[in-house]
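Written out below as structure tokens is the structure these notes cover.
The values are calculated or read from the model by the stated rules, or taken from the named source; none is laboratory data. Just so we're clear, the structure is a prediction, and the values are computed from it rather than from any experiment. Counting neighbours? That spans all protein chains shown, and the Cβs are built from the backbone with ideal geometry, glycine included.
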Amino acid sequence: MRRREFIAALGGAAAWPLGALAQQAVMPVIGFLHFASSDGNPDRLRAFRQGLKEAGFVEGENVAIEYRWAENQVDRLPMLAADLIRRRVAVISAFSVAAAFAAKAATVTLSIVFIGTEDPVKLGLVTSLARPEGNLTGINFFANELVAKRLELLLELVPAATHIAVLVEPGNSAVTASTLREVEAAAHGTRLRTQAFNTSSSSDIDAVFAGFVRERPDALLVASSPFFTDRRVQLALLAALHRLPAIYPWREFVEAGGLVSYGASLRDAYRQAGVYTGGILRGAKPADLPVVQSTKFELVINHQAAKILNLTVPPNLLATADEVIE
């Protein structure tokens, strides 16, 4: 090879990695902050990435994502949020009310897209649904506003029930308090007796179900919590073993063997969060993006689980269900 050609080739080889590094440097980075663990959320992650794709972003091609999972330990969220700020991410996507508050406390300037379980104005995350005004916007999927409806559906399945156990996760304090208020309000003036049970670990769940032999509830209502979603297989199995009819907030529980669920489509909410996150990367401001109110709600019934429990599902519930799993 001639000397001039060799130098030209060497110069091109040297320039290539510098160009690649420059390309990497300008790639925006999303900070992904989640209360739970990655194990229980593969479908939702796919939905979030689908939303990003709809907004023109594909992970690894023109956007990077820094994942931070709190592993159901709420006290880790502030540290994880601060770490994302130090890494100079372009936007934070916060999944759960606790994650949203941790992100909000960490920055007043960086854009935040949240997914929450109840009215974010009432919670204090934003000042208005139509015009959030601050650095946060997101999706409200009405988890707690539907507690009374879930209790009503549970009583249609178990009309003779008088004692309802309510499974809550105290680390998710805002959701727990709201759930118990809604349950008490729905049960007020009726024959129902409701009883709350706190659980923060898999062993706690085992202990609570073991105690049901003594407490003898007629049915179970499981509160909204990323922790419970991660433990959905355990909950469905224990409910079946203890012959305890249970209602859950999301369809993933029923897909894991649970009896019935009623709630917004979490996959759709995650997709919408991806769309909003991508929009902010393109220059949109959270203050100009109205908080999305979920409008897609699903009643999902596991007919096989009902047979195991010797329950006859009322025909009207079968007729109105969005899906019946056989």
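Go through Asp204, Asp230 for me and flag whichever is under 15 Å from Val166 (Cα atoms), among the charged types (D, E, K, R) and either crowded, with 24+ Cβ neighbours inside 10 Å or outside the structural domain of Asn72 (by TED's automatic domain parsing) (or both).
Among Asp204, Asp230, only Asp204 is under 15 Å from Val166 (Cα atoms), among the charged types (D, E, K, R) and either crowded, with 24+ Cβ neighbours inside 10 Å or outside the structural domain of Asn72 (by TED's automatic domain parsing) (or both).
Out of (1) surrounded by fewer than 23 Cβ atoms within 10 Å (Cβ to Cβ); (2) more than 16 Å from the chain's Cα centre (by Cα); (3) not hydrophobic (A, V, I, L, M, F, W, C), what's the single condition that is false for Arg68?
Every condition holds for Arg68 apart from (2).
If Thr190 satisfies all but one of (1) surrounded by fewer than 18 Cβ atoms within 10 Å (Cβ to Cβ); (2) over 27 Å from Ala319 (Cβ atoms), what's the number of the condition it fails?
(2)
For segment 47-70, what are the residues that are over 22 Å from Val26 (Cβ atoms) and either free of Cβ contacts under 8 Å to residues at least 60 places away in the same chain or part of a loop (DSSP other than H, G, I, E, B) (or both)?
Arg68, Trp69, Ala70
Taking segment 207-219 only, how many residues are buried (at least 22 other Cβ atoms within 10 Å of the Cβ) and in a helix (DSSP H, G or I)?
Matching residues across segment 207-219 total 1.
What tally of residues in segment 147-185 results from selecting those that are within 23 Å of Ile301 (Cα to Cα) and either at pLDDT below 90 or of a type in the set (S, T, N, Q) (or both)?
Of the residues in segment 147-185, 2 are within 23 Å of Ile301 (Cα to Cα) and either at pLDDT below 90 or of a type in the set (S, T, N, Q) (or both).
Has segment 31-39 got any residue that is modelled with pLDDT of 95 or more, in a loop (DSSP other than H, G, I, E, B) and at negative phi?
No: segment 31-39 contains no residue that is modelled with pLDDT of 95 or more, in a loop (DSSP other than H, G, I, E, B) and at negative phi.
Return a yes/no flag: does segment 307-316 have any residue that is over 22 Å from Leu237 (Cβ atoms) and of a type in the set (A, V, I, L, M, F, W, C).
no
Restricting attention to strands (runs of 3 or more DSSP E) lying wholly within segment 220-326, give those where 3 or more residues are not hydrophobic (A, V, I, L, M, F, W, C).
In segment 220-326, 260-264 are the strands (runs of 3 or more DSSP E) which contain 3 or more residues that are not hydrophobic (A, V, I, L, M, F, W, C).
Tell me which residues, restricted to segment 248-285, are in contact with a Pro (Cβ under 6 Å, 6 or more places away or on another chain) and at pLDDT 95 or above. It would help to see each step written out before you state the result.
Looking only at segment 248-285, we keep the residues that are in contact with a Pro (Cβ under 6 Å, 6 or more places away or on another chain), and these are 259, 263, 281.
Scanning segment 248-285 gives Leu259, Leu281.
Kindly establish whether Leu157 is in contact (Cβ under 8 Å) with a residue 24 or more places away in the chain, over 30 Å from Leu125 (Cβ atoms) and buried (at least 21 other Cβ atoms within 10 Å of the Cβ). Don't jump to the end; show me each part of the working.
Values: in contact (Cβ under 8 Å) with a residue 24 or more places away in the chain: yes; over 30 Å from Leu125 (Cβ atoms): yes; buried (at least 21 other Cβ atoms within 10 Å of the Cβ): yes.
So Leu157 passes the test.
Could you tell me how many of the residues in segment 108-122 are over 21 Å from Phe297 (Cα atoms) and crowded, with 17+ Cβ neighbours inside 10 Å?
Total meeting the criteria: 4.
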